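All of the numbers you see were taken from the coordinates with simple rules; none came from a lab. These figures come from a predicted structure and were not determined experimentally. Glycine also receives a Cβ, built like all others from the backbone with ideal geometry; neighbour counts cover every protein chain displayed.
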Amino acid sequence: MGPTSSFGNGFDFMTTIFPFIFILIFLFIAGTIVYRVVQHFRNSSSPQENHYARIISKRMDVRHVNNNNNMNNVSSSSRTYYYITLEFDDGSRREFLDVKNLFGLVIEGDTGYAATKGEWIVAFERNAGQQ
């Protein structure tokens, strides 16, 4: 009689479950990369639209990544994403990713013409009467 595990006859975690989990993790990572590349190209190829809008809010999203290798060396990095929410003449609001470093140049309440491409805000021209 051959060796058995506590799970029943012939069940081996490493040859049965581990490959399945490894494939799922690989597919998740590959899918995330493909999604981000497609999203980037969709935004960059979108037509630029200009709308009169008011800046409603601004926010930052800081994402941290910690890496720990087998030598007990820890490295970390972070990336900050900046978002600007606009309100349009019809009362609708939409949040855009700031890809042109406008975050520090505008304040909440500013009105003017916003240029957007897909999910990105690429320019904001403030009304001449505002300071």
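Suppose every K and R has +1 on its Cβ and every D and E has -1 on its Cβ; what is the size of the dipole of the chain about the Cα centre, in Debye to the nearest 20?
Approximately 240 debye in magnitude.
Report the relative contact order of the chain, percent, no decimals, based on alpha-carbon pairs under 8 angstrom and at least 6 residues apart. Please report the intermediate quantities before stating the final value.
Working: 187 pairs, mean separation 30.2, N = 131.
Contact order relative to length: 23 percent.
With all distinct Cα pairs included, what does the Kirkwood hydrodynamic radius of the chain come out to in Å, to one decimal, could you say?
After inverting the mean inverse Cα-Cα distance, the result is 19.0 Å.
Sequence-distant or interchain residues sharing an amide H contact under 5 Å with Glu119, placed H: which?
For Glu119, no residues qualify.
What angle, in degrees between 0 and 90 and rounded to the nearest 10, separates the Cα long axis of helix 18-45 from the longest principal axis of the Cα atoms of the chain?
Rounded to the nearest ten degrees, it is 20.
Given an 8 Å cut-off on Cα distances and at least 6 residues of separation, report the relative contact order of segment 23-97 as a percent. Walk me through the numbers on the way to the answer.
Details: 77 pairs, mean separation 19.3, N = 75.
Contact order relative to length: 26 percent.
Apply the Karplus parameterisation 6.51 cos²θ - 1.76 cosθ + 1.60, with θ equal to phi minus 60°, to every residue of segment 87-92 and state each ³J(HN,Hα) to the nearest whole Hz, in sequence, with x for glycine and proline.
Per-residue couplings from phi come out as 10, 9, 4, 7, x, 6 Hz.
Please find, in a Gaussian network model of the chain (springs between Cα atoms separated by less than 10 Å), the residue of Thr16, Thr85, Thr32 whose mean-square fluctuation is greatest.
Highest fluctuation of the listed residues: Thr16.
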